[in-house]
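Heads up, the thing below is written out as structure tokens.
The values are calculated or read from the model by the stated rules, or taken from the named source; none is laboratory data. All figures in this text were calculated on a predicted structure; none of them were measured in a lab. Glycine also receives a Cβ, built like all others from the backbone with ideal geometry; neighbour counts cover every protein chain displayed. With ligands, DNA and RNA removed, areas are computed over all heavy atoms of the protein, side chains included. Shrake-Rupley method; radii C 1.70, N 1.55, O 1.52, S 1.80 Å.
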Amino acid sequence: MTGVLVLQGVTGTEATMGTGQDGKPRPVAAEVRTEPLTTSPDGRSAALKEEGTKPFSMLGVTWTDPSARVAGTVEVRTRAVGSGRWSSWLRLDGDSGQGESGAERGGTEPAWVGPSDGVEVRMRTGGTTSERLPAGLRLDMVDPKTGSVSGMAPAAYALEETPEPTPTESTPAPAESEPDPAVSVTPTGEESTTPPPAEPPTEPPATSTDPAPTTSASSTPPASPTPTPSPTVSGPPAPPSTMPRPPITSRAGWGADESISPEAPGYLPGGKIKAVVVHHTAESNTYTCEQAPAVVRGIYAYHVKQLGWKDIGYNFLVDKCGTVYEGRKGGVDRPVQGAHAYGFNAETTGISVLGTYTDASPSQAALVSVARVAAWKLGQYGVDPAATTTLTAGDAGRSYSGRTWSKGAQVSFPVIHGHRDGYNTQCPGNAFYGKLPALRSWAAGPVAGLAVTSVTGASLAGTTYYTKSAVTVNWTATTPATLVKGYDLLVDGKVAATTTGTSAKATLTPGAHTVQVRAVHHSGRTTTTTAATVVADTTAPAFATRPALALRTGTVNTTAVPLTLSWKATDSTALRDVRLTAPVARTYGPTVYSAPHTAKSGVATAWNMTAHDRAGNTAAASVTGTPVILQETAATRSGTWAAKSSTSYLGGKSLASSTKNASLTWTFTGRSAAWVVSRASTSGQAHVYVDGVKAATVDLKSATTKYRDAIWTKTWATSGKHTIKIVVVGTAGRPAVTTDGLVYLK
């Protein structure tokens, strides 16, 4: 079979990158220039300095022998257009580490340096004196342009059945001795000089099927994707994937000038992708997302025009904003053979993130897109992204870690692995390489990091949630949302709600329930959170002991009579707290049943309380009390009592007696009483009678002087008429008793 190149005329003068007046993408022709490097007489160093060059934005250093590698250092710096400021020195990887059939030159990875008009290069070999730099060193500069161009662009390839080739007809073989792609067509008018492969592919080409079109990257794929001007060739089919296809910007979308790579695409000999190789493009991270298509065009021009590859080496490229770009032509849904992983191109697909990630990690958006593309491509062939696979080495090689293998060896790799695993290069950079376990997890599933964070509409006590009925369960996951098919909210093991978000509502019947969240990955794998107990309760709490007031000991003032507020609330499920709302605001725990307070004398005060359970049910109760101060002059007296005056006494006066059996009697109607006295080290004792019955003997002696001290109290279950009588004991050596009145609560 021979390939027939079909061309169509494309013209345009639009200033907008790659877009014609009809709104359709147009190819953009990059401009490339070269300058030779001056090599030292001993061949161990080379340099170049150019000022005032035509603007360029990407560069690389290349050499004559495509199999040679620079073991030393390659450094460049550039002068920015406009500011004239020189950049810091940028180190280039001394070998692209990829490999293309029929490559014309070897070279470093290309580096995006932004619009520049000056450049300086310095190269030196390693420490071995016998080492020399490769011959034919030159600086290759690429201006990817921003406008559309006129020219002939390939519209399609068609295959024709032809007689067996004559000895003058041959098909190029891969330089790395990998099996040929399923179809490799020499364009009409070109003569192939590479000998045929030693062994033909072990599997015949699959039935010819047109490649599916690709779409421009966006939040959602466009309704009518722009067809990629990829060739229509005989190759493996495009199987459906178990994973959704991410948005992909077509070659036309990033302005690929198809006229520079007229060869038909090649496909993996076995027609199946077994692994994904992850790369970085080893260039500056300072490009903007608007510049990313130009970066891709620059890489394309460098690979094709400068290194002599038939197309861009990567199958897919991803910028730091997460936009995915179609790389090598042939159909993004086909097993296109790229030139990205020397020795292992025949069984892999390559994804490269624009930028260098030795120290800085790729953006979250870029990582997510890499995981999505890897999951989709591997899903076409039933390959588990988290598994390992065995690849056949197309040539002898060595990894960055020092592992070696011979040609034809069976080498084990993670299905998603870094370029360094199969070639002696730092790619994709240390920081990026450390993210590969997360990428495998994201792509393969199940959803990682799934955890319930809160249950709105419920309160948490220990490990149990309480609600009246309606709840909103909230959760998080570390797997990006675009790789999650959805979530199920499970109540008692049954699906109560399904969503693609991270929260869901449920209405619960009274009683205890188990609540879980199940995450469904696009792969179909699931993970479920630990069950949480949620109790639905509609029964209000109750006051088993309603609020009550009682006078207590302490210093009495007319504005602050000491008293105790007591209560007891209960709940059938779980009491949360009891809250005092008036005359002051306080909150008490479920096992607190009393609290000290003060109240103004002579004023009826309502004490309002509300009990709250964990589910949010409430119950209210209150009590009202009025503290009343009875002065000592209001008592019935017997024996000798002397009046005393001082601002420290209630009302400014008190009565004192040292006469044995002298007494004072108060009569009142209330439910609590407190005797108020003055105390000192010489104070004596008194008997206290309640309703005619001796209740206590109280010693007024105090190491410190105290005034208005409620020293003794008595409380009854209900309000009633009572008498309180105090009788002087006449204690030897300290017989004096000073009383400041009686307080009762009505």
Measure of compaction for segment 320-390 (Cα Rg per 2.2 N^0.38 Å): 1.16
Proximal lysines relative to K644, as straight alpha-carbon distance under 17 Å, when same-chain residues fewer than 8 apart are discounted: K653, K706
Average accessible area per residue (Å²) across segment 38-119 - probe 1.4 Å, nucleic acids and ligands excluded: 42
Cα pair distances in segment 658-746, grouped into 5 Å bins until the bin that holds the longest one, percent each: 3, 15, 26, 25, 17, 9, 4, 1, 0
Per residue accessible area in Å² of segment 279-383, where ligands, DNA and RNA are left out and the probe is 1.4 Å: 19
Reciprocal mean inverse distance between Cα atoms of segment 20-84 - Kirkwood radius, Å: 15.5
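Leaving ligands, DNA and RNA out of it, rank W89, W607 by accessible area with a 1.4 Å probe, largest first.
From most accessible down to least: W89, W607.
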D691 accessible area, assembled protein chains, probe 1.4 Å, Å²: 70
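What part of the accessible area of segment 467-595, given as a whole %, is carbon or sulfur when the probe is 1.4 angstrom? Could you put the intermediate results ahead of the total?
Values: 3030 of 6010 Å².
Heavy-atom surface of segment 467-595 belonging to carbon and sulfur, 1.4 Å probe: 50 percent.
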Segment 620-682 - percent of accessible surface contributed by carbon and sulfur, probe 1.4 Å: 48
Accessible area of segment 421-462 belonging to carbon and sulfur atoms, whole % at 1.4 Å probe: 54
Segment 318-372 and segment 509-564: distance between their alpha carbon centers, rounded to Å: 53
Gain in span if fully extended, N285 to K505, counting 0.36 nm per residue against the direct Cα distance: 74.9 nm
For segment 263-378: relative contact order, % (alpha-carbon pairs under 8 angstrom, 6 or more apart): 38
Globularity ratio of segment 628-706, using Cα Rg and 2.2 N^0.38 Å: 1.11
Radius 13 Å from Cβ of A47, net charge of other residues (Lys, Arg +1; Asp, Glu -1): +2
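What accessible area per residue comes out for segment 522-624, rounded to a whole number of Å², with a 1.4 Å probe?
Numbers: 4670 Å² over 103 residues.
Result: 45 Å² per residue.
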